[in-house]
Structure formats: C-alpha cells, structure tokens
Amino acid sequence: MQNDPIGLMDSGVGGLTVLKEVQRLLPTENTVFLGDQARLPYGPRSVAEVTMFTKQIAQFLRQQAGIKALVIACNTATAAALTTMQQTLPIPVIGVIAPGAQAAVQTTRNHRIGVIATAGTVKSDQYRRDILAAAPNSQIFSVACPEMVTLAEQNDLTTTHAQSVVAANLASLMDKKIDTLVMGCTHFPLLRSAIQHAVGSQVTLVDPGLATAEQTAAILKTHGLLNPATTRGTAQFFTTGETAHFDTLASQWLDQQPMPAKHVSIAQLTTPMEVN
Ligand code: DGL
C-alpha cells in the first residue's frame, strides 16, 4: 500500500496549488489528481451536490488508481464533505481548511485575519470556527470572491483586468486592519501577486496548501503509509474538462513538466462502480 498513490481532487486547476506543495514535501510519493472542470464552479452549489461530486471522484480515484489517502484540495468540498468522507472511506482523508486555519493563527500578530474564499466556504463558516477554536480572541473577516476562480481558470493572472477584479473583490477588507489573509480557495495562490498587490506588503498571505502537505505527511507517517522509495514519484492527471487547457495551466504552475492529463467523462464518474 505504501507505493499506492495519494489522490487529490478539486473542482479545477486550483488543487494543483496543493499538489505542488505535496510534491515538494513528499517528492517520492506517487500522486493522482482529478480536476472536475466540467462541473466548476463548486462555490455556488449546495452542500448536498458538492458532497455527491466529492464521493463520485473519491470512488473513481479508488477504483482507477487504488489511492491510499485522499486530499480534498478544494476548500468548498472540504467544507461540504470532509466529515462525511472521513466517516465513509476506509482510507485517510485530509482537507485544506483546518491546516489553513492553523497556519493563519500561527502567522497573525494582531489577531485580525481575513479569509477570501468561495460563497460555499464562506457560508459554511468553517474557517471562522477552526480559527476561533485555536485562538478565541481572533477577529475574522470573510469575503466571497467567485470572480477570482474564473480568473484563475482562464489563466488570467497578471493582466490589468485581473488586478482590477482582484482589487474590487478585496475592497471591503481594506479598512479592517488585517495583518494576515488566508487564500481560502485553492485557486487563489495562482493569483498571489495580484492579491499581494491589492492588500499591500504589510499583509501576510497564507496558502493552506503548504500546511495541508505537512498534515498529509504526518497522517501518512502515523498510518505507516509513507512511500519508502528513493526516486521521484509519478504524477497522473485527470480532468472532466478540456485536457489541452488543463495541461497548459499544469505545466505553467508545477515544478516538473506534468504528464498530459486524461479526459474523464461525467458519465464515468456517475456510473456506479464496485470498490472494495
Ligand atoms: N478551488 C475551490 C476551492 O478551494 C473552489 C472553486 C470553485 O469551484 O468554486 O474552494
């Protein structure tokens, strides 16, 4: 089982920001990633729908690749489905919100923390709960920024248009005196420079991907599942969207040149499959 891949899933390319950190921290691990671009965005969807999609993808990754652990590399799906997945899957399931909240608490000095995310994540209030559980004196300011998901998916990261959309989305945070801003959507680290420009250099940006990779390593270790290999692991990619578009973003973002993604139809995800 130690040689089996770690599965990662997101609604789109955002989850690659988590994969990149996993590959940096755990270079010998094999990975398999699925971006559900045909059904993006997850942000405005109901908890029930996002949970159903997450279950379908987990089942596909288990059947297709025999994953030894699942990283839900999507804040919206973590908020909606992490507990259900942990209760129903026989493998470790890791989300991005608890590690991101912990990293924010460790970063802030003035206890004023901004969270930018999708509507679904903001509505779940999960970042607020996790931050307050660790640091009850915190003040949290959450803003839904759905247009920024679109920018990242369109690979519009540094243009004047991207900068003005980001600035408009973050405008309500400007008078809150935050010193820490959680990029609570896995698409947002792709827009890091536009976000930093909008909030100013005195605000520290938190990318939950790094803390999620650290938690993944710790959980694999506890379960005796770390891959003992000494050579670099393999990385497989699937998308329900257009493979060419996925490949462009993946090769731009990841440290190593990725293998071309394979297309998965929604029918393949929704057809019941037997998994032990
Ligand atoms: N990348 C996802 C997240 O972290 C969501 C983007 C979307 O599909 O709305 O929440």
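FYI, it's all coordinate maths here, none of it is from the lab. From a predicted model like this one, the values you see are computed outputs, not experimental measurements. All Cβ positions, even for glycine, are placed from backbone atoms using ideal geometry, and neighbour counts span all protein chains on display.
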Check: Would a scan of segment 148-166 turn up a residue that is touching a Lys or Arg at 6+ places or on another chain (Cβ under 7 Å) and closer than 24 Å to Thr76 by Cβ?
Finding: no
Check: Can you spot a residue in segment 55-62 that is within 12 Å of the ligand (Cβ to nearest atom), of a type in the set (Lys, Arg) and not in a loop (DSSP other than H, G, I, E, B)?
Finding: no
Item checked: Single match in Arg109, Arg128 (criterion: more than 13 Å from the ligand (Cβ to nearest atom), of a type in the set (Lys, Arg) and either crowded, with 17+ Cβ neighbours inside 10 Å or closer than 25 Å to His245 by Cβ (or both)) -> Arg128
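How many residues are of a type in the set (Val, Ile, Thr) and surrounded by fewer than 22 Cβ atoms within 10 Å (Cβ to Cβ) when one looks only at segment 112-125?
Taking segment 112-125 first, the residues of a type in the set (Val, Ile, Thr) are 113, 115-116, 118, 121-122.
Narrowing the set further to residues that are surrounded by fewer than 22 Cβ atoms within 10 Å (Cβ to Cβ) leaves none.
Total meeting the criteria: 0.
Take the conditions within 19 Å of His223 (Cβ to Cβ), out of contact with any strand residue (DSSP E or B) (no Cβ under 8 Å at 6 or more places or on another chain), more than 12 Å from the ligand (Cβ to nearest atom) and not β-branched (Val, Ile, Thr) and apply them to Gln2. Does it pass? Spell out how you get there, then give the answer.
Working: within 19 Å of His223 (Cβ to Cβ): yes; out of contact with any strand residue (DSSP E or B) (no Cβ under 8 Å at 6 or more places or on another chain): yes; more than 12 Å from the ligand (Cβ to nearest atom): yes; not β-branched (Val, Ile, Thr): yes.
Judged against the criteria, Gln2 is a match.
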Next item on the list: Restricting attention to helices (runs of 4 or more DSSP H) lying wholly within segment 96-140, give those where 1 or more residues are farther than 25 Å from Leu19 by Cα.
Entry: 119-124, 126-134
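Please enumerate the residues belonging to segment 176-202 that are hydroxyl-bearing (Ser, Thr, Tyr), away from the ligand (no atom under 15 Å from the Cβ) and crowded, with 20+ Cβ neighbours inside 10 Å. It would help to see each step written out before you state the result.
Residues of segment 176-202 that are hydroxyl-bearing (Ser, Thr, Tyr), as a first pass: 180, 186, 193, 201.
Checking the rest, the ones that are also away from the ligand (no atom under 15 Å from the Cβ) come to 180, 193, 201.
If the condition is that a residue be hydroxyl-bearing (Ser, Thr, Tyr), away from the ligand (no atom under 15 Å from the Cβ) and crowded, with 20+ Cβ neighbours inside 10 Å, then Thr180 is the only one that fits.
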Next item on the list: Determine which single condition Phe33 fails, assuming it passes every other condition in (1) within 18 Å of Pro258 (Cα to Cα); (2) among the aromatic types (Phe, Trp, Tyr); (3) more than 17 Å from the chain's Cα centre (by Cα).
Entry: (3)
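Taking the criterion of being more than 24 Å from Asp125 (Cβ to Cβ), assigned to a helix (DSSP H, G or I) and among the aliphatic types (A, V, I, L, M), would at least one residue in segment 76-91 satisfy it?
From segment 76-91, those more than 24 Å from Asp125 (Cβ to Cβ) are 89-91; that's our starting set.
Those left that are additionally assigned to a helix (DSSP H, G or I): none.
Within segment 76-91, not a single residue is more than 24 Å from Asp125 (Cβ to Cβ), assigned to a helix (DSSP H, G or I) and among the aliphatic types (A, V, I, L, M).
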Check: Only one of these conditions is not met by Ile116: (1) within 16 Å of the ligand (Cβ to nearest atom); (2) more than 25 Å from Thr204 (Cα to Cα); (3) aliphatic (A, V, I, L, M). Which number is it?
Finding: (2)
Check: Which of the residues spanning segment 72-92 are more than 16 Å from the ligand (Cβ to nearest atom) and of a type in the set (Val, Ile, Thr)?
Finding: Thr83, Thr84, Thr88, Ile91
Next item on the list: Collect the residues in segment 141-175 that are surrounded by fewer than 15 Cβ atoms within 10 Å (Cβ to Cβ), more than 15 Å from the ligand (Cβ to nearest atom) and either among the aliphatic types (A, V, I, L, M) or farther than 19 Å from Gln252 by Cα (or both), keeping them in residue-number order.
Entry: Thr160, His161, Ser164, Ala168, Ala171, Ser172, Met174, Asp175
Checklist line | Checking Thr78 against (1) out of contact with any strand residue (DSSP E or B) (no Cβ under 6 Å at 6 or more places or on another chain); (2) closer than 28 Å to Lys221 by Cβ, the condition it does not meet | finding: (1)
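Table: residues versus (1) more than 12 Å from the ligand (Cβ to nearest atom); (2) under 20 Å from Lys68 (Cα atoms); (3) under 11 Å from the mean Cα position of the chain (by Cα).
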position	(1), (2), (3)
Gly12	no, no, yes
Val18	no, yes, yes
Leu25	yes, yes, no
Thr28	yes, yes, no
Gln37	no, no, no
Tyr42	no, no, no
Ser46	yes, no, no
Glu49	no, no, no
Phe53	no, yes, no
